[in-house]
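Have a look at the structure below, then the notes.
The values are calculated or read from the model by the stated rules, or taken from the named source; none is laboratory data. It should be emphasised that the depicted structure is a prediction, and the values quoted were computed from it without experimental measurement. Here Cβ is always computed from backbone atoms with ideal geometry, including for glycine, and neighbour counts include all displayed protein chains.
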Amino acid sequence: MTLLLASLMKEKKRQQQPSVLTVVGSDTMYFSKLRLPTTGSLFHLMDRPDTFDRFQQYMNTKLLLMMFVVELAARVNPADVIINVCNPGLTYGTNLGREANRVARVIMRPVVRALGRPLHVGASVYVHALVMEGIASHGGHRKPWKVC
């Protein structure tokens, strides 16, 4: 989707300023234990039910997302489209974890509520990456309200 949007945004550009495409990442990418296969497909490796772990899969996909954005940004002129990743942090009021089993949801809900930030604060990180960061953020990862 990001690849298609970047291409479309570049093609339809009408203003002097570049379009901005921000995708949501996570600092959990730093804890990924993803090992790239020496043969075969990465997608087949990640699609194995016998080794599936929901939380590890989340971390792996966030790492792959960041790797993809870095590579895509290297191929897209930031004068046309700025592509970056934002990290709204642990945010309560979202549907993250909606498919977890009931016990996990009962345990995690108060933890997320106690440690997480409100939805409007998480959303402000996303808006900040879209409208405030500019070309310096191209291909980068935004921690809350700052470029990394």
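Looking across Ala104, Ala74, Ala6, one residue alone is surrounded by 18 or more Cβ atoms within 10 Å (Cβ to Cβ), in a helix (DSSP H, G or I) and of a type outside the set (Phe, Trp, Tyr). It is Ala6.
Pairs linking a residue in the stretch 44-68 that is within 20 Å of Asn87 (Cβ to Cβ) and without any contact (Cβ under 8 Å) to a residue 60 or more places away in the chain to a residue that is surrounded by 11 or more Cβ atoms within 10 Å (Cβ to Cβ) and among the β-branched types (Val, Ile, Thr), with Cβ atoms under 7 Å and 6 or more positions apart or on different chains, are Tyr58/Thr28; Met59/Thr28; Lys62/Thr28; Leu65/Val23; Leu65/Val85.
Okay, residues lined up against (1) part of a loop (DSSP other than H, G, I, E, B); (2) within 15 Å of Arg142 (Cβ to Cβ):
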| position | (1), (2) |
| --- | --- |
| Ile82 | no, yes |
| Val85 | no, yes |
| Pro88 | yes, yes |
| Thr94 | yes, no |
| Glu99 | yes, no |
| Ala114 | no, no |
| Ser124 | no, yes |
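Residue selection: Val81 satisfies the criterion of being surrounded by 14 or more Cβ atoms within 10 Å (Cβ to Cβ) and at pLDDT 90 or above. In the stretch 74-99, the residues that are in contact (Cβ under 8 Å) with a residue 40 or more places away in the chain reach residues that are among the acidic types (Asp, Glu) with C-beta atoms within less than 8 angstrom, at least six apart or across chains, in these pairs: Ile82/Glu133; Asn84/Glu133; Asn87/Asp27; Gly89/Asp27. Looking only at residues in the stretch 25-59 that are loosely packed, with under 10 Cβ neighbours inside 10 Å and assigned to a helix (DSSP H, G or I), the one that is nearest to the chain's Cα centre (by Cα) is Phe43. Considering only residues in the stretch 113-128 that are surrounded by 12 or more Cβ atoms within 10 Å (Cβ to Cβ) and among the small types (Gly, Ala, Ser), the one that is farthest from Asp80 (Cα to Cα) turns out to be Gly116.
Only one of the numbered conditions (1) among the hydrophobic types (A, V, I, L, M, F, W, C); (2) surrounded by fewer than 15 Cβ atoms within 10 Å (Cβ to Cβ); (3) within 17 Å of Asp27 (Cβ to Cβ) is not met by Val131, and that is (3).
The number of residues in the stretch 9-18 that are among the charged types (D, E, K, R) and surrounded by 14 or more Cβ atoms within 10 Å (Cβ to Cβ) comes to 2. Would you mind stating whether Val147 is touching a Ser or Thr at 6+ places or on another chain (Cβ under 8 Å), surrounded by fewer than 19 Cβ atoms within 10 Å (Cβ to Cβ) and either of a type in the set (S, T, N, Q) or modelled with pLDDT under 90 (or both)? Taking the combined requirement at face value, the residue satisfies it.
Residues that are of a type in the set (S, T, N, Q) and over 16 Å from Asn87 (Cβ atoms) were ranked within the stretch 10-24; the one that is nearest to the chain's Cα centre (by Cα) is Ser19.
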